[in-house]
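Presented below is the structure to which this report refers.
The values are calculated or read from the model by the stated rules, or taken from the named source; none is laboratory data. Values in this document were obtained by computation on a predicted structure and should not be read as measured data. Note: ideal-geometry Cβ built from the backbone for every residue, glycine included; neighbour counts use all protein chains shown. Ligands, DNA and RNA are excluded from the accessible area calculation, which covers all protein heavy atoms including side chains. Shrake-Rupley method; radii C 1.70, N 1.55, O 1.52, S 1.80 Å.
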Amino acid sequence: MWARIFKVGVEKFYLFFDAYNFAFLRWNKEGLHICDFIHFPRLVNPSKTEYGIGWIPLGGYCAIAGMVDETHTAEDIKDMEGDDLFMKKGKFAQFMIMVGGVLNNIILAVLIYIGMSWHWGKDILEPHNLPWGYTYSEFAHSIGFQEGDELVAIDGEKLVDMASVENALLLANDVTVYRAGAYIDIVLPDTLGTYFLTHKSELLNFVTPCAPFVAGGFVEGSPAQQAGLQVGDSIVMVDSVALPFFHLVRNYMSERPEQTVQVSFYRSGVDSLQTLAVTLDANGKMGVYPKPVIGPECLTHIDFTLAEAIPDGCRRGWNMLYNYVRQFKLVFTKEGAQELGGFGTMGSIFPDTWNWKLFWGLTAFISVALAFMNILPIPALDGGHIMILIIEAIIRRPLSDKFKERLQFLGFAFILLLMVAVNANDILKFFF
């Protein structure tokens, strides 16, 4: 699009790469080609640009006329002629063409967020809307949190949605809590983010809503199921010790592996307190899935008009980009590098059942991620081309096409090695 705006020729526009001149789909002035074997000569593409779908699923590319990139060598562009060549345009036009793809990704994400806000509105979980408050893990206690602490702010920013806590904690420096009538700042360890990368359960359980322990399901053949507990049973006591919340029952049982405990509960339709003997497994568990804590009654729903959805969508897009950039530094730690993934990791973030709201949210996130990754100053990416343009503007002369070609080769080799590494990471995670 940006090449068209500045009247620069585009020779090819491909989703994925058509290496060794093979493509699943190719549409050019000779007609439509499917797998290069089936040819429809009447379906001619009237434009000069060839569109297609390649067979190597590594993003895609745009072959711009008169530009040294992954599609053109220095020799290729040496004899090119015409007013629509990239190399004949001014530095401003070249810069805007290079940054255009990144802008398009960000604009797409913002438009998606605007549409989501307008269509679905937004549900937020305000801290004071949790009917029984929340509890902290043992790890949280070890760094200064106490039961009864009310979360107020993270890094000085007021907490308005409990759903944002996990993301904010990855790079947080301090947390403000309200404790015994006073506001207290808890300074977090510098290594907290990398610790959470390798201890994901600690991040998930760092702060959790308190709730009564109501059985929502059972592990097949679990001790609780064998003892006679049923879905809907509300557990309130173990061994005559009053334990009104799920986390209290869990903590009590975890200290008694393979012991038999007396579980007291209320059952629908029965007025009196019931008691059953349950023998816990080696981990001090009885195999009960608790009923979900957070229902619609705990959420604050906000509807937006189109005029209101526009600024909200812009804020969501900015916050996503800001958090992604902040968390990127974790990639350069040992723990962060181990968490990098390829196609398997990307596929795993999508749910088993189709959900339009989740689909569009993930699409917006991926678009933001692509925008940031593409602006990195790595040769063969848009950021690499922008880096070259900035250098040329500073030294006031163009770098040689041969030098640019070597940079492109090194950048492309680096990207291929990175793709191999992250996908190998996926394979290692799958097997080990």
Please find, within the range 4-33, the residue that is most open to solvent (accessible area, probe 1.4 Å) out of those that are within 30 Å of the chain's Cα centre (by Cα) and touching a residue at least 40 places away in the same chain (Cβ under 8 Å).
13
Given the condition modelled with pLDDT of 90 or more and either assigned to a strand (DSSP E or B) or crowded, with 17+ Cβ neighbours inside 10 Å (or both), answer yes or no: does some residue in the range 267-274 qualify?
yes
At pLDDT 85 or above, over 25 Å from residue 96 (Cβ atoms) and either touching a His at 6+ places or on another chain (Cβ under 8 Å) or surrounded by fewer than 17 Cβ atoms within 10 Å (Cβ to Cβ) (or both): which single residue out of 406, 326 fits that description?
406
Say we look at the range 278-307 and pick out the residues that are outside any loop (DSSP other than H, G, I, E, B), over 22 Å from residue 207 (Cα atoms) and out of contact with any Phe, Trp or Tyr (no Cβ under 8 Å at 6 or more places or on another chain); which of these is least open to solvent (accessible area, probe 1.4 Å)?
278
Does any residue of the range 195-218 turn out to be over 20 Å from residue 293 (Cβ atoms), open to solvent by less than 40 Å² (accessible area, probe 1.4 Å) and without any contact (Cβ under 8 Å) to a residue 40 or more places away in the chain?
yes
Scanning the range 86-110 for residues that are out of contact with any helix residue (DSSP H, G or I) (no Cβ under 7 Å at 6 or more places or on another chain), surrounded by fewer than 17 Cβ atoms within 10 Å (Cβ to Cβ) and not polar (S, T, N, Q), which turns out farthest from residue 368 (Cα to Cα)?
88
Considering only the range 379-403, state which residues are on the phi > 0 side of the Ramachandran plot and either assigned to a helix (DSSP H, G or I) or open to solvent by 70 Å² or more (accessible area, probe 1.4 Å) (or both).
396
Residue among 76, 36, 83 that is open to solvent by less than 80 Å² (accessible area, probe 1.4 Å), part of a loop (DSSP other than H, G, I, E, B) and at pLDDT below 90
36
Kindly indicate the residue of the range 127-168 that is of a type in the set (A, V, I, L, M) and over 18 Å from residue 183 (Cα atoms) and also surrounded by the fewest Cβ atoms within 10 Å (Cβ to Cβ) among those meeting that condition.
163
Screening 93, 23 for residues that are touching a strand residue (DSSP E or B) at 6+ places or on another chain (Cβ under 8 Å) and not β-branched (Val, Ile, Thr) leaves only 23
Scanning the range 1-26 residue by residue, the ones that are assigned to a helix (DSSP H, G or I), under 19 Å from residue 39 (Cα atoms) and not hydroxyl-bearing (Ser, Thr, Tyr) total 1
